[in-house]
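Here's the structure we're looking at; comments come further down.
The values are calculated or read from the model by the stated rules, or taken from the named source; none is laboratory data. Just so it is clear, the model here is predicted, and its values are computed rather than measured. With ideal geometry, Cβ positions are generated from the backbone for all residues, glycine too; neighbour counts draw on all protein chains shown.
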Amino acid sequence: MALGLAAKKEIVAEINEVASRALSVAVAEYRGMEVGELTDLRVKAREQGVYLKVIRNTLAKRALADSKFADIDSALTGPLIYGFSIDAPGAAARLFKDYAKGNGKLKVTALTIGSGLMGPEKLDAVASLPTRDEALAQLLATFKAPVGKFVQTVNEVPAKFARVLAAIKDTK
């Protein structure tokens, strides 16, 4: 079905707005997938905070041209599904990686975090990026470790003294 100029402009504006909020973009080829499989992928994307859209590559190039993801336009060929990570930088890559394990028809072709185009070989690295909550937990653990060691060291002095007294008592 042919899209009118107004509909195309609306799609470009929508994708441009989503790209301005997104932390990363993952692009995958979905050739051979059935409608039910794509619907299942969309449900999983909604659950994980990923904006998923199938759009024409020419419209995507226009929408992403003046965004931080402009470098991805050279990889936009074939039937592609676009995943925009809104909450966590690795969410779209993680979604595509997990879904591709069970469905060999979905193939990631390109990724970008706004710092250059990455190929599908970087999928594991991007997918392993922590979510915001995981990153905060790691940071908190890093801050907590030295304090915990200090408390343990300070507590060891009276504990060692008590053990020495107990040993002297046992010998007498």
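Values computed for the structure shown
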read-out: Subset of segment 41-52 [assigned to a helix (DSSP H, G or I) and either within 14 Å of Arg94 (Cα to Cα) or at pLDDT below 90 (or both)]; value: Leu41, Arg42, Lys44, Ala45, Arg46, Glu47, Gln48
read-out: Search result, residues across segment 74-102 that are buried (at least 17 other Cβ atoms within 10 Å of the Cβ) and more than 18 Å from Gln48 (Cα to Cα); value: Ala75, Leu76, Leu80
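So that you can scan it fast, the table gives a plain yes or no per residue for (1) more than 25 Å from Arg132 (Cα to Cα); (2) more than 23 Å from the chain's Cα centre (by Cα); (3) hydrophobic (A, V, I, L, M, F, W, C):
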residue: Leu5; (1), (2), (3): yes, yes, yes
residue: Lys8; (1), (2), (3): yes, yes, no
residue: Ala19; (1), (2), (3): no, no, yes
residue: Leu23; (1), (2), (3): no, no, yes
residue: Glu34; (1), (2), (3): yes, yes, no
residue: Leu41; (1), (2), (3): no, no, yes
residue: Glu47; (1), (2), (3): no, no, no
residue: Ala63; (1), (2), (3): yes, no, yes
